[in-house]
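**Q** This is the structure I have questions about; it appears just below.
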Amino acid sequence: MKTSILAAGIMLAAVAGNAHAGLKLPSLTKSSDAAASSTPAPSGDALIVAFQASQGSVIAAQHALATALDLKAEVAKLDAESKRYGSGQLDLDAMKKSREISAAAQAVIDAKIAEKPVLTAAQREQFTGGLVHYGKALIGARELVLQAQQFTSSVGSNPMALMGKARTALWVGKETPGYVKGLGTTTRQLFSFAKSSGIKPPANATAALDDL
């Protein structure tokens, strides 16, 4: 049975909110201290890796789309961002910055698409490559939602988890619902333009989108 990624994302937002609320007034009793010390604080590594894998595919997709649409300034920015992703795990500030760069690039891409440009054969091939990467991002989003649900649930029972990477992972958990919803909206818009330009959306992207 297929599980709706978007529905799971909405449920995740509530879980993350409850986890955050529970951190405001931690119990100071000896029993709760003992429980906290006996339960290792989750690092959130798996969640961070899942997010970066999906977001890395988005950056690659946007790079291909910007190339196809001859958006040279965006290509340069996204190329630099792709190299950062290849350098290893990003910290919280770097991940937030990446989301800003990605959102700005997508806005420029959307504006160009709204002009309904006529693409050459080479540009259509590049555009198709971008759709393939968006499909990978959607597939990664499914794993991202599962990891976020598991992590935020564990944080809810262990307030001491908000240290180090756990803080980055909690941000990812809260970011996930909007991120996944945005992926679906953007991909559908790209599909619409692709079909009007004689481009057949790749199977991996179509299948992943159907799961939303």
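Only the coordinates and a few stated rules stand behind these numbers; no lab work does. Because the structure is predicted, anything quoted here is derived from the model rather than measured. Here the Cβ positions follow ideal geometry from the backbone for every residue, glycine too, while neighbour counts run over all protein chains shown.
**Q** Going by C-beta contacts inside 10 Å, put Leu131, Leu144, Leu119 in order with the fewest on the left.
**A** Ranking Leu131, Leu144, Leu119 by Cβ neighbours within 10 Å, fewest first, gives Leu119, Leu131, Leu144.
**Q** Something else about it: By how many nm would the segment from Ala104 to Glu125 lengthen if fully extended, with 0.36 nm per residue of separation less the alpha-carbon distance?
**A** My answer for the length gained is 5.2 nm.
**Q** For Lys165, list the aspartates and glutamates whose Cα falls under 14 Å from its own Cα; do not include residues on the same chain fewer than 8 positions away.
**A** The qualifying aspartates and glutamates are Asp45, Asp91, Asp93.
**Q** Could I ask something else about it? Could you tell me which of the pairs Lys77/Lys112; Lys72/Lys112; Lys136/Lys200 are separated by over 20 angstrom between their Cα atoms in the structure shown?
**A** Cα-Cα > 20 Å for no pair; all within.
**Q** Follow-up. How much net charge surrounds Met95 when only other residues with a Cβ under 14 Å from its Cβ are counted (Lys, Arg +1; Asp, Glu -1)?
**A** +1
**Q** A follow-up question, please. Pulled fully out, how much extra length does the chain show between Ser196 and Ser82, if you take 0.36 nm times their separation in residues and subtract their Cα-Cα distance?
**A** Extra length available between Ser196 and Ser82 comes to 38.1 nm.
**Q** Next question, about the same structure. What does the charge add up to near Tyr134, with Lys and Arg as +1, Asp and Glu as -1, over the other residues with Cβ less than 15 Å from its Cβ?
**A** Net of charged neighbours comes to +3.
**Q** Mind pulling the per residue volume of the convex hull built on the Cα atoms of segment 48-210? Å³ is fine.
**A** So the per-residue hull volume is 96 Å³.
**Q** Still on this model: Mind listing the phi-derived Karplus ³J(HN,Hα) values for segment 178-193, rounded to whole Hz, using 6.51, -1.76 and 1.60 with θ = phi - 60°, and x for any glycine or proline?
**A** x, 4, 5, 4, x, 4, x, 4, 5, 5, 5, 5, 5, 4, 4, 5
**Q** Let me ask something else about it. List Ser196, Ser153, Ser82, Ser102 from most exposed to least, where exposure is judged by having the fewest other Cβ atoms within 10 Å.
**A** Numbers: Ser196 10, Ser153 17, Ser82 14, Ser102 20.
Arranged by neighbour count, lowest to highest, Ser196, Ser153, Ser82, Ser102 become Ser196, Ser82, Ser153, Ser102.
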